[in-house]
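The values are calculated or read from the model by the stated rules, or taken from the named source; none is laboratory data. Note that the coordinates shown come from a computational prediction; the quantities given were computed from them, not determined experimentally. Positions of Cβ are backbone-derived with ideal geometry, glycine not excepted, and every protein chain shown enters the neighbour counts.
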Amino acid sequence: MSAVFLGVRHHSPACARLVERTIARLRPVQVLVEGPAEMNGRLDELLLGHELPVAVFSHYRDEQRAATSWAPLCDYSPEWVALRAGRAAGAEVRFIDLPAWHPAFAERTNRYADAEARYEEATERLCRHFAVDSSDTLWDRLFEVEPDDGLAERLDAYFALVRGDAEADAGDRARESYMAAWVRAAVDTAGDRPVLVVTGGFHQPALRALTGPGEPGGPEGDDPDGWERGADGWPRVPAPPGAATAGSFLVPYSFRQLDAFAGYQSGMPSPGYYQRVWEAGPEAAADRLLRVVVERLRARKFPVSTADLIAARSLAQGLTALRGHPRPARIDVLDGLAGALITDDLDHPLPWTGRGTLTAGAHPVVVEMVAACGGDRTGRLHPGTPAPPLVHDVAAQLAGLALDGGPEATYRLDLTDTADLERSRVLHRLRVLGIPGQVRTAGPAHGVDPEFTERWESRSVVGREAALVEAGAYGATLAEAAAVALTGRTRDVAREADRLAGALFDAVLCGMDGFSDQLLGELGSCVRESSLPGPLGEVLATALGLWRHDRVFGMARGPLLGTVIDGATERLLWLLEGARGSSGVDFSRLRAVVAVRDAVLHAPELLSVTRETAAGIARRIADDSEAPVELRGAAFGLHRSLGQASGAAGDPAEAVRTVARAGTDALGDWLAGLFALARDEVTGAVGDDGDGAGGGAESLIDVLDGLVCALPDDAFLSGLPALRQAFTFFPPRERDRIAGRLLERRGVRGSSRSLLRTTADPLLIGRARALEESVSRLLARYELEATP
Amino acid sequence: MTTRNEPRAGAPAGDAAPVQRPPAEVRYAEELAALRADDRDPRPPGWELSLRAARRFVIGDAETGISRKFVGNPSLVDRALVTLATSRGLMLVGEPGTAKSLLSELIAAAVSGDSTLTVQGGAATTEDQIKYGWNYALLVAEGPSARSLVPAPMLRGMAEGRLVRFEEITRCPLEVQDSLLSLLSERVVAIPELTGPDGMVFARQGFNVIATANTRDRGVNEMSAALKRRFNFETVFPIPDLDTELALVEAEVTTLLRRSGVEPPPDRDVLEVLVGTFRELRAGAGGKGGSGAGPDRPSAVMSTAEAVSVAHAVGVRGWFLRGEPGSAADVVACLAGTAAKDSPEDLARLRRYLEQQVPRRRGPHWKALHDARHLLAD
C-alpha cells in the first residue's frame, strides 16, 4: 500500500484537526513527520509531557558559518498532533527531514516558517481573485473558518496550485529527496499497512511525485538520490562535517517568541488566538478576543463604552456575513474592533492587512489588539528533560575560570589582564542573558571610562537554574546565546540612540567582536534609523575611540565597531543636513559634527561616504541660511578640515563678516560651531612661526577684532555671552596667544595673561555696564544728567 | 441609462458639449445595471445593491467584467460598507490625494445609485448648505411653506433615503460640524418654521453619511468627541505596493499625455524613478519605517495624484522642448516646480534627498537623476 500524504500549513488548527481525524480513521503503522531526523532517537524526550509551546533548538558552528534555528511546536501544530496522536494510536512515529545544520536550511531561523517567499506570486493571484488583503486572510477564509468536510481535498488543490508554478530552490529539492527516501523506506517496512506522511503543503506535491509508482528505486535497494540506508533499513541521518559542532535539543518556548519571527521567517501569526480556536473553535475564539481586547483597553483607562462594544460586535458580524465566512475569522473581529474603537487617523496601516509587524507609535487600540491575539503563554519543559547544553557550557566555563566560588564570593577583575578580561566577558554574558546570581558593583560605565577594574559579587538566588534552561533557547554556548540575546535587545531599543549606546557597550563588554553577523546587522540598521544627532554622535565618538585606540576590550579595528562607525557617519550626515533652527548652541550636536570629522579623517576605509561627499554636504550646510547658526559654523569648519587638501575651502574672514551682519548672537553661535571643529583657524594665524596658516588671507582674529570693536555698546553687551561661550573651546594656552595677538595689534606692551585674568567675572562686569547704560539713559530721558 | 451615458462617448446630442467628468453612477451605469440584475444577496433596507454587489463594484471582479476602481485594501472597503449598513456614519481620513473622495463617490453610487448629494465643506459652509435654506422671494410672498423651503443635501438624503457625502468636513467651523449631531443620532430634522407633518423630516432607510477629512489642513483632532462617536473612522493610505502605484501612474499619464498632444508614451524607467522618489519622500526618506510624520517628510503632498501630475509635466516638457519622452533630468526640473511648490524647506529636503539618498540607488536612471540635481533652482 502506498503512503497517504497530508500537506499542512504549520501551526494551523484546521490542519491539526485533519491530522487527528486522519490518524483515527487510517490507523497507520508508520507516521512520518516533517522535522529534524536527528531527534528520532530522542522522541521520548519530546513526548515527556511538556507544557507547550516548546521548540527543538538546533545550533551549528564551523569555520565558515554559525547558525541557530528553531522548530517550534504548540498544541495545535499539525506536526505535534501527528507525533502525539500517532504514538497514542500505536504507530511508529519518525521525523524525516534533514537536520537543521544542513546547508539546505541556511538563512532559516524558523523551520516551520511558511515557504511563502517562493510562492508569493501564486498567493498574490489568489488574494486578488478572492479580493482579500493578505495570504493570512486568504488562509483563514479558505480553511480555518470553513467546515471540516472536504478540507483535505481543498488543501490538496491549494498546495498543488501554489506549488504548481513556484520554483523550488536547491535546499527544498535536497530536503524533498531526503524525505522521499524516508517515505520509501517506511512503505517498504509497512508492507500493505498504511503509512501517513505529514509535511508542509509546499513539499507534499513533490513528495507524492518523488515516491510515485513511476519513480526508480526498487524495494530494499539504495536510494536513487544517494541517501544511504542504515542497518535498520531507514535512511542514515547525515552527520555534520568533522570540525563542526552541531546539536539539537529541547527548549521552552513562548507565544511571544513564536509571534516575533519577522518577514519570511514568520509562520501563522497570532498564536494566542489560534490556541483558542484549537481549544474551543472559531466562535469562542472570536468572543474571547473581543472580551480580552476590551478588558485590556479598559485596564489602560482607554474609554470603551457599551455602545462601542455593540458597534464592534455588529461590525464584526456584518463583516463575517459580507465576506461569506460561515464562522467569524480573526480578521473579522479585528476589523470590527478597529472600525468601532479607533476614532483618529492612523499613521500606519493596520498590521493585519499585510505581513507587517507592529510599528513604533502604533495606535494604542492596535497595540492591545495585537497583544491580545499574540497571547502570553510560555511553555515549560518536563522536569525530566535533559538540560540544554548551555547549562553545561556555563558550568564548565565558570569552573574553568575559577568563577564558581559559591555564594558570597567577590571577584576583582583587572581588565588589562587577559584571564580577567575573559572572566569579565563570561560574567557580562550571563548578565545580558538575565541570569541572576552575579552582580557587578563597580566597573567602567561607558566606552571612554578610564576605569579598568571591575568588582563582581556572587549572591545565591532562586530561579538561576530555571533562567539558564530558558536562556538555553538562545544558543548552545554562552557566547552564542549572549549574541542572540543582544541582537534581540538591539532590535528592541531601535531608534533610541541613548539606549543604543548601552547595547553597543554591552556588546563590547561581552567581547562580541566578529561573533555574530545578525548582531552586526541589527546594530547597523538600528544606527541607520536613529533620529537624534546628539546621542548618535556620542555613539559614533565612543565607537571610533574604541576602534582606534582600544587596548583593553580587544575591540580595536574590529568589524563590530566598523559597522557602527560607517552607519552612524552616514546617518549623521543625513540628519545634520536636515537639522533646522533652534536658538542657542546645541553642544551635543557640535560634538556629533566633531565625531563625523574624526571618522572621515581617521577611518576612511570603513566608510561608504567619501571624503568629497562629506565635504560637499558640509559646504551645503554652511551655505544653508535655514540651518542652525552654530551648525553652519561647525559645517564651515568641517568643510575646511576636510577640504584642505583640495584647497577649495571658503575664506573664513569673509564668512565671519557675512554672519556678523545677522547679529552678534548669531556671530557668537557661529564661532562656537567653528571653534568646536577648527580652532587652528584662529590660533594658526597667530602662531609663533609668523607666517600663519591663513597665508596671504586676512587673519580671522584681526577680522573678528575689527568687527567686535565696531559694535555699538548694546549690541556688544547682548552678544557677549555667546561670544564668550565660543571662546571656551580654546584651552588656556591658546587663549593666551590670542590675547597676545590682540595686544600686539594695538601696539600695547603688557602681559597677555593679565588680560585674561580679570578681578571679577566678565559677564558680571558686562551686566554692570548694561545697568549703568540703562541708568544713564533714564537720566537722560528725564533730563537729570549732572551738569559739570 | 444609455442616453445619460451618451455625452461621455463623445457624441454629444445637439449642441451640448460633453460633460468633463460625469458622476460615477453615469460613468459606470452599465456595470451598476449588470450588478443589479444579478444581485441575489440580501440588500439592507433602502440600498440599491447588496453589500457583496457593492463590494464587487468598488474592488472589481474580473470574472463578471467589473473593473477595479479602487486599488487600496479590500478589507477597508468591507469595513466601510458594513459601517454604512449600521447606524454610524463613515469617516474617511487620510493624506490628500489618497482617493478618499473617489471611494466615497463610488460607494454612494453603488449604495444609493446617486453620488451627487454632496456637501462641500469649507470655512464658509453654513447650516443652510447642509440642512435647508429658503427661497426668499417665496418666503416673503407666502410665508414659510414647503414650497418656499430649499432642501440642502442632508435633508434630501434623509427624505429620499440616500447616502449623503460630506467632503472635507474638518474644514467647516466646529459649530457647523456639530449641527450634524442630532441628525445622526435622532435621524430627524425639525423645521420649526413649518407646522404639521412638514415640520419634521425623518430619515428614511438607506440614509447615512460618508464624510471625508484630510490630515493636512486641519486634522480630525479638533472634531468634538460627540461627533467622533457617531462615525467609524477609516484611514485611507497611499498605495502600499510599488507595482500597483506604478501601473496606475503609467495608465493615467499615458491618457493625459495623449490628450495634451504628446506622441511618445512615458518612459517606464523614468516613471519608476519618479514614483520611487515620491514613495521615499512620502515615507520620510532616510529612515525606513520611521514614524508617520518625521521631520524628513515634505510638507507638500506626495500623493499618487501629484505623481501623475508631475509625470504629465515631465512628458510635456520632454516632448515640446526636445521632441522626445521626458528624462530623469526633466523629473528634477518638474519636481522643483510642482512637488516642492513654494516651500524652501521642501526644496531643501528634496535637494538633500537627491544628494544623499539617490546615489545609493542602482541603475542608470537613478544616476541620471542624481546627475541632474543642479537643476533644482535655488
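Observations
- Qualifying residue in region A:53-60 (condition: out of contact with any Pro (no Cβ under 6 Å at 6 or more places or on another chain) and surrounded by fewer than 19 Cβ atoms within 10 Å (Cβ to Cβ)): no
- Within region A:513-568, if we keep just the residues that are acidic (D, E) and not in a helix (DSSP H, G or I), the residue that is nearest to the other protein chains (Cβ to nearest Cβ) turns out to be A:D513.
- Just one residue in the set A:V81, A:V132, A:V93, A:V162 is assigned to a strand (DSSP E or B) and touching a Lys or Arg at 6+ places or on another chain (Cβ under 9 Å); that residue is A:V93.
- Only residues that are surrounded by fewer than 20 Cβ atoms within 10 Å (Cβ to Cβ) and part of a helix (DSSP H, G or I) were counted across region A:620-640, and they come to 2.
- Residues of region A:731-753 classified as exposed (fewer than 10 other Cβ atoms within 10 Å of the Cβ), of a type outside the set (D, E, K, R) and within 57 Å of the chain's Cα centre (by Cα), total: 1
- Flag set for A:D344, criterion: touching a His at 6+ places or on another chain (Cβ under 7 Å), without any contact (Cβ under 8 Å) to a residue 60 or more places away in the chain and surrounded by 14 or more Cβ atoms within 10 Å (Cβ to Cβ).
Per-residue answers, yes or no, for (1) touching a helix residue (DSSP H, G or I) at 6+ places or on another chain (Cβ under 6 Å); (2) more than 14 Å from chain A (Cβ to nearest Cβ); (3) in contact (Cβ under 8 Å) with a residue 24 or more places away in the chain:
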| residue | (1), (2), (3) |
| --- | --- |
| B:A305 | no, yes, yes |
| B:G326 | yes, yes, yes |
| B:C334 | yes, yes, yes |
| B:G337 | no, yes, yes |
| B:E345 | no, no, yes |
| B:R349 | no, no, yes |
| B:Q356 | yes, no, yes |
| B:P359 | yes, no, no |
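- Any hit, region A:781-788, residues being assigned to a helix (DSSP H, G or I) and in contact with a helix residue (DSSP H, G or I) (Cβ under 7 Å, 6 or more places away or on another chain): no
- Residue within region A:95-108 that is assigned by TED's automatic domain parsing to the domain that holds A:C15 and more than 31 Å from the chain's Cα centre (by Cα) present: yes
- Only one of the listed residues (B:E234, B:E245, B:E280) is buried (at least 18 other Cβ atoms within 10 Å of the Cβ), part of a strand (DSSP E or B) and either within 22 Å of the chain's Cα centre (by Cα) or in contact (Cβ under 8 Å) with a residue 12 or more places away in the chain (or both). That residue is B:E234.
- Enumerated helices (runs of 4 or more DSSP H) restricted to region A:323-409, each holding at least 1 residues that are within 14 Å of chain B (Cβ to nearest Cβ): A:330-341, A:364-374
- When residues of region A:568-591 are limited to those that are aliphatic (A, V, I, L, M) and within 17 Å of A:P604 (Cα to Cα), the one surrounded by the most Cβ atoms within 10 Å (Cβ to Cβ): A:A568
- Considering region B:135-229, the qualifying strands (runs of 3 or more DSSP E), each wholly inside and each with 2 or more residues that are of a type outside the set (V, I, T) and within 30 Å of B:S303 (Cα to Cα), run over B:163-167, B:208-214.
Residue-by-condition table, conditions (1) in a helix (DSSP H, G or I); (2) within 14 Å of chain B (Cβ to nearest Cβ); (3) more than 29 Å from the chain's Cα centre (by Cα):
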| residue | (1), (2), (3) |
| --- | --- |
| A:R256 | yes, no, no |
| A:L290 | yes, no, yes |
| A:V293 | yes, no, no |
| A:Q317 | yes, yes, yes |
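- Against the numbered list (1) under 22 Å from B:D61 (Cα atoms); (2) assigned to a loop (DSSP other than H, G, I, E, B), A:P147 comes up short only at (1).
- Residue match in region B:227-242 (condition: away from every other protein chain (no Cβ under 14 Å) and either closer than 27 Å to A:I342 by Cβ or among the acidic types (D, E) (or both)): no
- Here A:A396, A:A387 are screened, and the one residue that is at pLDDT below 85, surrounded by fewer than 18 Cβ atoms within 10 Å (Cβ to Cβ) and of a type outside the set (S, T, N, Q) is A:A387.
For (1) at pLDDT 80 or above; (2) among the aliphatic types (A, V, I, L, M); (3) surrounded by 16 or more Cβ atoms within 10 Å (Cβ to Cβ); (4) closer than 27 Å to A:A627 by Cα, each residue gets a yes or a no:
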| position | (1), (2), (3), (4) |
| --- | --- |
| A:W670 | yes, no, yes, yes |
| A:G673 | yes, no, yes, yes |
| A:T683 | no, no, yes, yes |
| A:D689 | no, no, no, no |
| A:A693 | no, yes, yes, no |
| A:G696 | no, no, no, no |
| A:D702 | yes, no, yes, yes |
| A:D705 | yes, no, yes, yes |
| A:D713 | no, no, no, no |
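- Of the candidates B:E222, B:E250, the single residue that is within 19 Å of B:E324 (Cα to Cα) and either modelled with pLDDT of 85 or more or within 14 Å of chain A (Cβ to nearest Cβ) (or both) is B:E250.
- Restricting A:A170, A:A160 to those that are over 25 Å from B:R55 (Cα atoms), surrounded by 14 or more Cβ atoms within 10 Å (Cβ to Cβ) and away from chain B (no Cβ under 14 Å) reduces the list to A:A160.
- Scanning region A:569-610 for residues being under 15 Å from A:S641 (Cβ atoms), within 13 Å of another protein chain (Cβ to nearest Cβ) and acidic (D, E) gives a total of 0.
- When the residues of region A:440-482 are filtered to those that are of a type outside the set (F, W, Y) and in a strand (DSSP E or B), the one that is nearest to the chain's Cα centre (by Cα) is A:R440.
- Some residue of region A:575-590 being in the same structural domain as A:R619 (by TED's automatic domain parsing), more than 30 Å from A:D420 (Cα to Cα) and β-branched (V, I, T): yes
- Where helices (runs of 4 or more DSSP H) sit wholly within region B:6-120, those with at least 2 residues that are surrounded by 20 or more Cβ atoms within 10 Å (Cβ to Cβ) and within 14 Å of chain A (Cβ to nearest Cβ) occupy B:51-59, B:74-85, B:100-112.
- Residue in region A:410-426 that is surrounded by the fewest Cβ atoms within 10 Å (Cβ to Cβ), counting only those that are touching an Asp or Glu at 6+ places or on another chain (Cβ under 8 Å) and not hydroxyl-bearing (S, T, Y): A:R412
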